[in-house]
Amino acid sequence: MTTKQKNVLDKLWPTQSYPLSYEDALGALTKQELTNIRVNLKISNMSSLNKQGLVDKLQHLIPEHVAQTFQLWDRDRLKIIQKVLQGEGRLTNPMMEIQQYDYFRDRGLLFPATIDGQRMLIMPLELVEWFKTSNKLPQQDVIYRNTDWIQLSKGLVFYFGTLTSVKLQELALSYCDKNQSDDGFLDVLIDAASYYDEIRLESGEVTSFTYLFVDNADWVRKEQAIRPTLDFYPFTKQQLLKAAAPEFIDRNKHYLELVRYILTQYEADREDVEFLIDECVDVVRNGGSLIETVQLVQESFEEPDLDMMSAIADLLVPLINGTKQWALKGYSSEELSTIRRNSTANVMAAAEPEPVKQADVISISTKQKVGRNDPCPCGSGSKFKKCCG
């Protein structure tokens, strides 16, 4: 561990005593961190105070303002608070992401600390007592609704890359109970983006939500916009909720075939191989080429065998064609080709005067993109545009 890494960890887990008072918890923070609490809890008329003035005021005002935050929560955050309360204000060795520790600290709820050599999340004594005497935790129907909204939204940005707040709300609510109120959807998602790193909030002319591994959201939006007659892929609710799971990987048959091949050729850990192929999928979803994915695989092996790399390239072609892409609104290239081949498919039936941009399809034999006037790679002898194009 480098000195810099140690300093970061020491700052995140300062030595404290238990039970922890608000005065001690807040006193260990910077003025900016105290300001974050004030802003997140919407506590006004305190911007002119110095650090000690903020500590003095916040230790009394936080319990009065935290209840509004609970109305934006899902099941995961509520469970953490419940565990801390069951532990009389402490949770030992919590396994959370950095931004999640920041989330709770920046709302004055929980503070990472080192107590007797152990890392813990600590709730100040005053707040523990407040919970015991109040009944301010959200109702289960609110928690259920928020959890549904957040999980659906995580699945949607996983498959579509980036969505405006309006489109995300429209798509997410289409999977929910029609009688359910949609009041507060945007507030719930903005708050969730501070807690879950899978959802990235982008504030500009239009508020958007973007998946963690999208390199260029503007490029994704541009590619989606030039396909105005193509609807977003109709995923099932089950598919979206599955994709919302942490570290979800969409293992289609082409993905699994490539993993199996590499494992038969090299002594490697399956988890490492899957991580490599998942990186290849991310390259593809970000608009990368076959050459880029081959180079990525090549760099991962010492002295790669040329025959093996050729075989891997052959397996990468169907993986690329079969990967659901953000630019294609959740479709894969091969799915769009099938839709064009089958005139009964209604997704593309209502064509606009302006043609939809053709998805790139790669020939398995040549490893090159297929032009509209090239011979169709299916072997029919017809031009691609008159056959599978």
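Between Cys176 and Asp307, the C-beta separation translates, for a Förster distance of 35 Å, into a calculated FRET efficiency of about 0.10.
For the stretch 33-107, relative contact order (Cα pairs under 8 Å, six or more residues apart, normalised by length) works out to 46 percent.
For the chain, the longest principal axis of the alpha carbon atoms and the long axis of helix 306-322 meet at an angle near 80°.
Asp56 label point, 7 Å along Cα→Cβ, cut-off 20 Å on backbone N: hits in the stretch 7-42? Of the residues in the stretch 7-42, 21-39 have backbone N under 20 Å from the label point off Asp56.
One decimal place: the segment Val206-Val39 gains 57.9 nm when fully extended, by the rule 0.36 nm per residue minus the C-alpha distance.
In loop segments of the stretch 58-157 as defined by DSSP, the trypsin sites (Lys or Arg not before Pro) with at most 14 further C-beta atoms inside 10 Å of their C-beta are Lys136. Give the relative contact order (percent, whole number) for the chain; include only Cα pairs under 8 Å separated by 6+ residues. Normalised by residue count, the contact order of the chain is 13 percent.
Here the Kirkwood formula puts the hydrodynamic radius of the stretch 149-285 at 16.4 Å, using every distinct Cα pair.
Rounded to the nearest 500, the helix-only mean residue ellipticity at 222 nm of the chain stands at -15000 deg cm²/dmol, with each DSSP H run of n ≥ 4 adding -39,500 (n - 2.57). Within the stretch 71-167, the GluC sites (Glu not before Pro) that combine a DSSP coil assignment with at most 15 other C-beta atoms in a 10 angstrom radius are Glu88, Glu97.
Relative to the present Cα-Cα distance, how much length would full extension add between Thr3 and Gln118 at 0.36 nm per residue of separation?
Numbers: separation 115, 0.36 × 115 = 41.40 nm, distance 2.02 nm.
The Thr3-Gln118 span can extend by a further 39.4 nm.
Remark: the stretch 84-91, residue by residue, has Karplus-estimated 3J(HN,Hα) of 5, 5, 5, x, 6, x, 8, 10 Hz, where x stands for each Gly or Pro and the curve is 6.51 cos²θ - 1.76 cosθ + 1.60 at θ = phi - 60°. Label zone of Gln139 (point 7 Å out along Cα→Cβ, amide N under 16 Å): in the stretch 168-184 this covers 179-184.
Counted residue by residue at 0.36 nm each, then reduced by the alpha carbon distance between them, the extension gain from Leu263 to Gln298 reaches 11.1 nm.
Averaging the Cα positions of each part gives two centres, and for the stretch 177-238 and the stretch 92-133 these lie 30 Å apart.
Coordinate-derived values only; no laboratory data. On a predicted model such as this, the values are computed, not experimentally measured, just so you know. Please note: Cβ atoms are built from the backbone with ideal geometry, for glycine as well, and neighbour counts cover all protein chains shown.
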